[in-house]
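This is the structure, below, for whatever I ask next.
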Amino acid sequence: MVETGHFALVLAFALSLVQTIVPLFGARLNNQRLMAVGGPVAVTGFALTALSFVALASAYANSDFSVASVWENSHSLQPMIYKITGTWGNHEGSMLLWVLILTFFGALVAAFGSNLPATLRANVLAVQGAIGAAFFLFILATSNPFIRLNPAPIEGRDLNPVLQDLGLAIHPPLLYLGYVGFSICFSFSVAALIEGRIDASWARWVRPWTLVAWMFLTGGIAMGSYWAYYELGWGGFWFWDPVENASFMPWLAGTALLHSAIVMEKRSALKIWTLLLAILTFSLSLLGTFLVRSGVLTSVHAFATDPARGVFILCILTLFIGGSLALFALRASRLTAGGLFHPISREGALVLNNLFLTTATATVLVGTLYPLALEALTGDKISVGAPFFDLTFGPLMLPLLVLVPFGPLLAWKRGDIIAASQRLMAAFATALAAMLVTGLFIDGASVFAALGIGLAVWLVAGALTDLAVKSGVGSVAPAVMVRRFAGLPRSVFGTALAHLGLGLTLLGIVATLSFGTEKILTMRAGETVELSGHTLRFVGLYPAQGPNYSEDRGRFELIGVSGSPVGEISSAKRFYPVRQTTTTESGIKTLGLSQLYLSLGDEAKDGSVVVRLWWKPLVTLIWGGGLVMMAGAAMSLMDRRLRVGAPSRRRKQASAETPAVLP
Amino acid sequence: MLFWVIAAILTLGASLAVLLPLAAGAKGTSSSGDHDLEVYRDQLSELDRDAGRGLIQPVEAAEARAEIARRILRLDNADTAGKASARPASVTARLVATVAVLAVPLVSWGVYSQIGSPDLPAQPLSQRLTKNPADSSVDELVARAEAHLAANPSDGRGWDVLAPVYLRMQRFSDAVAAYRNAIRLAGDSAVRQAGLGEAIAGAAGGIVSADAQDAFEAALKLDPANAKASFYLAVALAQEGRNKEAITAWQAMLGTLPPDSPWRSAVEQALAKSASPEVASGAAAKGPDAADVDAASSMSPQDREAMINTMVAGLDEKLRQNPRDTEGWMRLVRSYVVLGKTDQAREALGRAIAVFGAGSDEAKKFTAFAASLGLTATE
């Protein structure tokens, strides 16, 4: 089974080469047969990669220590779920997951792309095949997960204990679906550049892929943030860590792409810019892969000690980013510009959005790469942390967030800013009220708190206003209003939900940062502590034995108003003997939207324990907002507009769908 | 064999994915112009809907309609020009097709033959643990015994069998646990207590600590003739710097050991070493069993020194990563003294004291220990 997986991987590599070359020639020679090869090869390549992945996963599940990667990252005593998730909890396996998702997206284009123009489809598959070929070669040459050991060791070295968590099951697959999803947008862009023309249906094809990738990336980042929050044991949710930035940059650029693609799709404008953004977004995904996978981040010097992997990814990076940008420089002038618009219009608002988002991306890029470059050149290690990003990223986001509610209310081509402002009066009043309440009653000292809460409420109220205005609240009869509301295009709901989610996330961040409290103290069994109106009693420290770890679990009781316990929180210090590592399992109690967060420190000789305690008001909104944004993207995906653009399917749809409900 | 069949089938499937579309007749596909026209039509109808909902003003809607109409016109022109481009299959196309079909088997079998291990079967752990014991390696047998004991932790005999195996595999901390379980479940015995002592000493890297001495003394209480216990207690004396007492103890052993005892040569080695000042207590401190002592003594002096140096360097490295190991530090300091590297010994002592803090109990212990070796913390 293991060697079957290995062989399937090699075969998938061979197919990716065919997928690169044959359709490309086909499109060039306008040969139908050659172009037709792309589809079946992409689907077969995916099937073989999937077979390979299943073989590796089953080696992990069965603790087959004759596979080097299993021996290095697994242990027979691990619970089954961590044995399986351990498949991608290491470099080799995660790269296999990467190409699995890449070929999956390629197969989707092949399977559902029958309504694409033949040459565009062939070129897209060829570019997708080229990315695949590069990464297959990378895996086979430097990171082969199927390297065998003979004789096989009897026991593995265990998975890194920090990764022995359900988060590993969700976070990397979501993140990779996002990262790699943007490869489709990239392939479409490069295909358009190769052809030298952009079909009108191009934007309609690219937008759903952008939405899908963006949705998963949003989920992946939110999940990663929550995982770091509860696993690292000190209650932070975002660290401006280079690994996080590596996923945040494609997200920012992808958000810009999402918005510029709307303009392109609706109004055939911003074509060239959208193309460039699609290339940049995937380039940032590749850069993220390079930063995380080459070892550059742990230290520039680690990169020097294992140069093969880093240099290989760097070559891939140069080839694809440099190649696509060169192609862009060569061909962009041949592409025709699209529709015209006035500065104050929906299009104008989206351009402004793009400006802010790309500048913010550049800021994060500088903050991430500058320390690395400096270390490589001078050997000085500096850390560009939160202060840098607070000073640069924050001010850039502020005007953008203020402007968000205006965008959806402006008309296409020429908008009326005054009319839009009038419609937003109610939202503005709500936000102002929220600011006043915050400033007067909750925390008068913090301007940041008042402004932040006001801004968050402004975003939420603005999103709701958009829906209200479009369904005609206040101007038509209630019955008509309900009918209009139900008849709104799904994309309108998508927009509103995404902007609403953004507001919720902001609300969570501001509330946690401004009103959160923390306490560090030593406690003995039986003692109580009070934090922000919650009383906790330390019951005691109990040793326990897990499948592959031993732990000291500290139990705490939440005391209610009446003095009797109303809930329990427990935090543990775990020791994993195989890796000789200690981890902290934080204790979290969710009360409404807020959380009580507790983490156990060292035990003193006299039996008292260091306890760190945080009260995090509204903290769940940070990730809840992310989920709402994902729901917005899913809603947008269901919009009928995205299904148009194919001659053959058009007729069926016209009869199946009721015309848009309009009074 | 089965693997080659599967590989052949997979290759065949992959080749067919390339071959079939090439062999199939060209299907009529719609030109890109048709697609574009459909999109433009939809844009027009969407424009009407947006105008109805007030998302675009009437004047701008008319402008936009004109823009789209212009695009449709341009499309018609381009389409009539581009339609005639379909050509019959050229020589290049045939060449590309042939290369592609051949590439799949050639690349895959070529690459796999370089990096694959086709003869190595999959070895799931559960299968390895249930096969015929005669075919199993020692590791596998141990793993089976472990699995058995995990299921029946009160099987004293099982622990008793496993403990000496751990000791021989140098899995000292496992051996300690196994001996303790055996003593608890299967009863006290001199052999088990002596084994426990040896395991504790092994886990501490050869230092016969107080715990180990307790075990050896318990063994001697049960069986005064236990050679292992007597030997190690003498080693403990030597390690404490009481060389003369150690020599006396070993000489007493030589008097009572039966002539065919395997311990006789170990004792002789130890005596020889304690007599030569160069190696002093260092070699004995490794806590080797008889076989190890034999192996070490049959080495050339250079080899032995190289081996000792490697071991000391390894210990040093381990302490850098895992510094809270009192006995490790003492062992390291002594090793450097024995090797004549006084500076490094002093440096190690300084590091050890720094780890635990200058005023701590451990630091005092280190200083006293170093003084017994003739070493002072600062000079």
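The values are calculated or read from the model by the stated rules, or taken from the named source; none is laboratory data. Since the structure is predicted, the reported quantities are computational estimates derived from the model, not experimental observations. Neighbour counts are summed over all protein chains in view; Cβ atoms, including those assigned to glycine, are modelled from backbone coordinates with ideal geometry. We work out accessible area using only protein heavy atoms, side chains counted, and drop any ligands, DNA or RNA first. Shrake-Rupley method; radii C 1.70, N 1.55, O 1.52, S 1.80 Å.
A quick yes/no check of all residues on (1) at pLDDT 90 or above; (2) open to solvent by 40 Å² or more (accessible area, probe 1.4 Å); (3) over 23 Å from the mean Cα position of the chain (by Cα); (4) not assigned by TED's automatic domain parsing to the domain that holds A:L284:
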| position | (1), (2), (3), (4) |
| --- | --- |
| A:N353 | yes, no, no, no |
| A:A362 | yes, yes, no, no |
| A:L369 | no, yes, no, no |
| A:K381 | no, yes, yes, no |
| A:V384 | no, no, no, no |
| A:L391 | no, yes, yes, no |
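Could you run through region B:350-369 and say how many residues are within 17 Å of B:P323 (Cβ to Cβ) and either of a type in the set (K, R) or outside the structural domain of B:R331 (by the TED database) (or both)?
The qualifying residues number 2.
So how many residues does region A:223-243 have that are open to solvent by 30 Å² or more (accessible area, probe 1.4 Å), in a helix (DSSP H, G or I) and within 22 Å of A:P161 (Cβ to Cβ)?
So the count comes out to 4.
What do you reckon, is B:A238 assigned to a helix (DSSP H, G or I) and not assigned by the TED database to the domain that holds B:D325? I'd like the intermediate steps shown before the answer.
Working: assigned to a helix (DSSP H, G or I): yes; not assigned by the TED database to the domain that holds B:D325: yes.
Answer is yes for this residue.
Right, another one. Tell me, which residue of region B:107-131 that is over 27 Å from the mean Cα position of the chain (by Cα) and more than 8 Å from every other protein chain (Cβ to nearest Cβ) is surrounded by the fewest Cβ atoms within 10 Å (Cβ to Cβ)?
Here the answer is B:S113.
A further question on this structure: Over 31 Å from the mean Cα position of the chain (by Cα), farther than 14 Å from A:L100 by Cα and open to solvent by 20 Å² or more (accessible area, probe 1.4 Å): which single residue out of A:F25, A:F7 fits that description?
Working: A:F7 fails: open to solvent by 20 Å² or more (accessible area, probe 1.4 Å).
Among A:F25, A:F7, only A:F25 is over 31 Å from the mean Cα position of the chain (by Cα), farther than 14 Å from A:L100 by Cα and open to solvent by 20 Å² or more (accessible area, probe 1.4 Å).
Do we find that A:V404 is within 24 Å of A:R484 (Cα to Cα) and of a type in the set (V, I, T) in this structure?
On the way: within 24 Å of A:R484 (Cα to Cα): yes; of a type in the set (V, I, T): yes.
For A:V404, the condition - within 24 Å of A:R484 (Cα to Cα) and of a type in the set (V, I, T) - is met.
Further question on the same structure: Check whether at least one residue in region A:209-222 is of a type in the set (V, I, T), open to solvent by 10 Å² or more (accessible area, probe 1.4 Å) and within 26 Å of B:L44 (Cβ to Cβ), and report yes or no.
No: zero hits.
Identify the residue in region B:332-361 that is open to solvent by 60 Å² or more (accessible area, probe 1.4 Å) and assigned to a helix (DSSP H, G or I) and, among all such residues, is farthest from B:Q239 (Cα to Cα).
The selected residue is B:A354.
May I pose another question? Counting just the residues of region B:149-161 that are within 14 Å of chain A (Cβ to nearest Cβ) and assigned to a helix (DSSP H, G or I), which one comes out farthest from the chain's Cα centre (by Cα)? Let's see the steps before the verdict.
Our first condition is that a residue be within 14 Å of chain A (Cβ to nearest Cβ); within region B:149-161, this holds for B:149-151, B:153.
Filter again for assigned to a helix (DSSP H, G or I), leaving B:149-151.
Numbers: B:L149: 23, B:A150: 22, B:A151: 25 Å.
Among residues in region B:149-161 that are within 14 Å of chain A (Cβ to nearest Cβ) and assigned to a helix (DSSP H, G or I), the one farthest from the chain's Cα centre (by Cα) is B:A151.
Also, I was wondering about something else. Among (1) more than 14 Å from chain B (Cβ to nearest Cβ); (2) buried (at least 23 other Cβ atoms within 10 Å of the Cβ); (3) aliphatic (A, V, I, L, M), where does A:L116 come up short?
(1)
Moving on to the next point. Taking the conditions exactly as written (at pLDDT 85 or above, among the basic types (K, R) and surrounded by fewer than 20 Cβ atoms within 10 Å (Cβ to Cβ)), does B:K244 satisfy them or not? Steps first, please.
Details: at pLDDT 85 or above: no; among the basic types (K, R): yes; surrounded by fewer than 20 Cβ atoms within 10 Å (Cβ to Cβ): yes.
No: the conditions fail for B:K244.
On to the next question. Looking at (1) open to solvent by 10 Å² or more (accessible area, probe 1.4 Å); (2) within 32 Å of the chain's Cα centre (by Cα), which is the only condition A:A36 fails?
(2)
Can I ask one more? Which of the residues spanning region B:162-196 are of a type in the set (D, E) and more than 25 Å from the chain's Cα centre (by Cα)? Steps first, please.
Taking region B:162-196 as the starting set, the residues that turn out to be of a type in the set (D, E) are B:174, B:188.
Listed by number, the list holds a single entry, B:D188.
Does B:G195 qualify as being touching a helix residue (DSSP H, G or I) at 6+ places or on another chain (Cβ under 8 Å) and within 24 Å of B:R334 (Cβ to Cβ)?
Details: touching a helix residue (DSSP H, G or I) at 6+ places or on another chain (Cβ under 8 Å): yes; within 24 Å of B:R334 (Cβ to Cβ): no.
Here the answer is no, as B:G195 does not meet what is asked.
For region A:580-607, which positions are of a type in the set (S, T, N, Q) and assigned to a strand (DSSP E or B)? Before the answer, list the steps.
Here is the first cut: in region A:580-607, the ones of a type in the set (S, T, N, Q) are A:580-584, A:586, A:590, A:594-595, A:599.
Selection gives A:T581, A:T582, A:T583, A:T584, A:T590, A:S594, A:Q595, A:S599.
Working only within region A:193-215, note down all residues that are under 11 Å from the mean Cα position of the chain (by Cα) and in contact (Cβ under 8 Å) with a residue 60 or more places away in the chain.
Matches in region A:193-215: A:V212, A:W214, A:M215.
Tell me, which residue of region A:119-131 that is open to solvent by less than 30 Å² (accessible area, probe 1.4 Å) and among the polar types (S, T, N, Q) is nearest to the other protein chains (Cβ to nearest Cβ)?
Out of the qualifying residues, it is A:N123.
Going by the conditions given, is B:Q57 modelled with pLDDT under 85, open to solvent by 80 Å² or more (accessible area, probe 1.4 Å), touching a Lys or Arg at 6+ places or on another chain (Cβ under 8 Å) and facing chain A (nearest Cβ under 8 Å)? Explain how you work it out, then say what you get.
Working: modelled with pLDDT under 85: yes; open to solvent by 80 Å² or more (accessible area, probe 1.4 Å): yes; touching a Lys or Arg at 6+ places or on another chain (Cβ under 8 Å): yes; facing chain A (nearest Cβ under 8 Å): yes.
When the stated conditions are applied, B:Q57 passes them.
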